[in-house]
Amino acid sequence: MNLSIKHLIGLEGVPREDLDIIFDTSFSFREVLERPVKKVPTLKGKTIVNLFFENSTRTKMSFDLAEKRLSADSISFAASSSSLSKGETFKDTIKNIHAMKIDAVVMRHPTPGSAKLLSQFVDAVIINAGDGTHEHPTQAILDMMSIKEKFGDFKGLKVSIIGDILHSRVALSNIYGLKTMGAELMVCGPPTFMPKGIEHLGVRVTHNIMEALEWSDVINVLRIQMERQGKSLIPSLKEYREVFGITREKLEKIHKNLTIMHPGPINRGVEIDSEIADSEHSIILHQVLNGVASRMAILYLLVGGLK
């Protein structure tokens, strides 16, 4: 089961066959995580560096745990405590790390395209853990794995991504991946949260939350990324919740059970109310568990075959 890709920079252009292999392998590792002994020697002797130039909780912990479960040697790197703070260039930092004979790099960076650039500097597997507002492929893979676990297939499934589409790397990777797998996509949010020309990606666009809820089988709710906005693009968080927040009152009007997703972190009481995030229709905690299994699969498939 070999992938056609050497790196996982994004899901744009990744063929369905590769995604199917990743999903099948992910479910195999889910079984490993259910065992009393959750560790396997699959990547014993491999060295993986985690380069996080932005804060992260779920993604970093998920990769750390996936690497430990696979018996890899892992090194964590924080930009704030590195020589970058002394003026060293990104390129020199990477070359120095690569000189230590590593096998793979998992990187999060605030600049779009940074993972692609990194792949040109080093002869190691590059896994993009989020590059600015561009892509976050491993999050989309765990999201899709969670949908596949619930529904079995993607063909004809209606998925809406709701919230801050403009600043979301999760949205773009989900759009690429879900379209490849045969799902129908809609994006919903204020006009100020919509990238120009997003409809050219083959998604429906609406600014009416009730239209999105009535149309959907699954909704993936995104937080407002205030840290990426130069200025506020909405009047207030209270007004955003009233218009676009996922509340019990809105869901009761559509008379159907939607599957609720959220990549985290959740701003409870803003984009989604706690009673909805914690309801029986939410698969948010399944996403967390599937995050470890799917990242184990990605590491195994990309790094396991290296000589």
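The values are calculated or read from the model by the stated rules, or taken from the named source; none is laboratory data. What you see is a predicted model; the values in this text were computed from it and never measured. Glycine gets a Cβ as well: all are built from the backbone with ideal geometry, and neighbour counts include every protein chain shown.
Taken over the range 157-196, residues that are over 18 Å from HIS207 (Cβ atoms), of a type in the set (Gly, Ala, Ser) and touching a strand residue (DSSP E or B) at 6+ places or on another chain (Cβ under 7 Å) amount to 1. Checking ILE102, ILE175, ILE161 one by one, the residue that is outside any helix (DSSP H, G or I), of a type in the set (Val, Ile, Thr) and assigned by TED's automatic domain parsing to the domain that holds GLU242 is ILE161 and no other. Regarding the range 220-232, can at least one residue be identified that is acidic (Asp, Glu) and over 24 Å from the mean Cα position of the chain (by Cα)? Taking every residue of the range 220-232 in turn, none turns out to be acidic (Asp, Glu) and over 24 Å from the mean Cα position of the chain (by Cα).
Do we have any residue at all in the range 73-87 that's modelled with pLDDT of 95 or more, under 30 Å from ILE147 (Cβ atoms) and among the small types (Gly, Ala, Ser)? Scanning the range 73-87, I find no residue that is modelled with pLDDT of 95 or more, under 30 Å from ILE147 (Cβ atoms) and among the small types (Gly, Ala, Ser), so the answer is no.
Scanning for something out of contact with any Ser or Thr (no Cβ under 7 Å at 6 or more places or on another chain), within 14 Å of GLY189 (Cβ to Cβ) and of a type in the set (Asp, Glu), does the range 264-272 turn up at least one residue? Within the range 264-272, one or more residues are out of contact with any Ser or Thr (no Cβ under 7 Å at 6 or more places or on another chain), within 14 Å of GLY189 (Cβ to Cβ) and of a type in the set (Asp, Glu). Whether a residue is assigned to a loop (DSSP other than H, G, I, E, B), aliphatic (A, V, I, L, M) and out of contact with any Gly (no Cβ under 9 Å at 6 or more places or on another chain) was assessed, and VAL40 passes this test. Picking from residues in the range 259-299 that are hydroxyl-bearing (Ser, Thr, Tyr) and in the same structural domain as ASP217 (by TED's automatic domain parsing), the one that is nearest to ALA66 (Cα to Cα) is SER282. I'd like to check something: does the range 157-173 contain any residue that is surrounded by fewer than 18 Cβ atoms within 10 Å (Cβ to Cβ) and not hydrophobic (A, V, I, L, M, F, W, C)? Yes, the range 157-173 contains at least one residue that is surrounded by fewer than 18 Cβ atoms within 10 Å (Cβ to Cβ) and not hydrophobic (A, V, I, L, M, F, W, C). Restricted to the range 113-154, and to residues there that are assigned to a loop (DSSP other than H, G, I, E, B) and out of contact with any Pro (no Cβ under 9 Å at 6 or more places or on another chain), the residue that is surrounded by the most Cβ atoms within 10 Å (Cβ to Cβ) is ALA124.
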